[in-house]
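Take a look at the structure below.
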Amino acid sequence: MVPGDAAAPFPEFAAELEAIRQTPPERVRTDLDKLGVERDLGGSVRLGVLREAPEPALEKVAAEIETYWELALAPYWARIRQLLEADVFRRARQVAELGAAQVLNELHDSVRWDESSLRLVRRHCALTRADSGAGMLLVPSVFAWPRVLTRSVAPDPPQLAYPARGIGTLWEPRSTEAADAVAAVLGRSRTLLLTELDTPASTTALARRSGLSAAGVSQHLTALRDAGLVTAHRAGRSVLYARTSVADALLTPAGS
């Protein structure tokens, strides 16, 4: 994972780097053995150093990841994270309303749920319960397009990374046509809050981003919730607000 603010239930980037540094040496060697078999990397000098002295090598790996993050991802992370969080909340809502099978069948053209079996079309490997832990972890990604990626390493649950919904519009500017029409009915402040909820957010975060007072944001959110346009979800000690499908439809330009 990657960094989040205090109101969001996501680990901090620094904590994730520390987890890499603290990886047990036996786990490092097991993963290297698997990587070497799959990709024929047995002669790699750098992997040999990582095998012989995992602790100092992992420190260098963490430093390289941190440098890459700062240069390649950090400047764009706020926008990427909004897209990923919006996908997660949409899938969770689908599970509650339509069931898990509906979610799995909409992940990707190559993924199909068929009579209690998850089938991946045109994959070069098979995921079986014998080779992995219980459950399945779905991972939305802005880097997996146009295919899905899988990981199956016991005792972890199998992982399926898929292109997040809306990835094709990640860098497009927001259309104001629909928002202007909604503002004529709901008012600009409430419409502004709805447009800010591309990703779930707390009252404090919305106040900071919108320029409205926290009290004003709370009052507007109560009205929007009563109208069925937002929902509230507890995350630790915070309450995160999210748009409903009704609000999504209102903010979608006609003909989209």
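The values are calculated or read from the model by the stated rules, or taken from the named source; none is laboratory data. Since we're looking at a predicted model, the values are computed, not measured. Neighbour counts are summed over all protein chains in view; Cβ atoms, including those assigned to glycine, are modelled from backbone coordinates with ideal geometry. With ligands, DNA and RNA removed, areas are computed over all heavy atoms of the protein, side chains included. Shrake-Rupley method; radii C 1.70, N 1.55, O 1.52, S 1.80 Å.
Here the label points at Trp69 and Gln219, each 7 Å from Cα along the C-beta direction, are separated by 4.0 nm in the simple model.
Full extension of the chain segment joining Val239 with Val95 gains 49.8 nm, where the gain is 0.36 nm per residue of separation less the Cα-Cα distance.
Compute the orientation-averaged projected area for the stretch 147-190 from the convex hull of its Cα atoms and round it to one decimal in nm². Each step should come with its number before you reach the end.
Values: hull surface 22.7 nm².
That works out to 5.7 nm².
So between Leu138 and Arg29, what do we pick up on full extension, going 0.36 nm a residue minus the alpha carbon distance? Before the final figure, lay out the partial values.
On the way: separation 109, 0.36 × 109 = 39.24 nm, distance 2.63 nm.
Result for the pair: 36.6 nm of gain on full extension.
Which value in Å is the Kirkwood Rh of the stretch 180-220 over different Cα pairs? Could you put the intermediate results ahead of the total?
Values: mean 1/r = 0.0982 Å⁻¹.
With all distinct Cα pairs of the stretch 180-220 included, I get 10.2 Å.
Going by accessible area, probe 1.4 Å, with all protein chains left in place, what is the ranking of Phe13, Phe89, Phe143, largest first? Intermediate values should be presented prior to the final figure.
On the way: Phe13 30, Phe89 60, Phe143 140 Å².
So the residues, ranked largest to smallest area, are Phe143, Phe89, Phe13.
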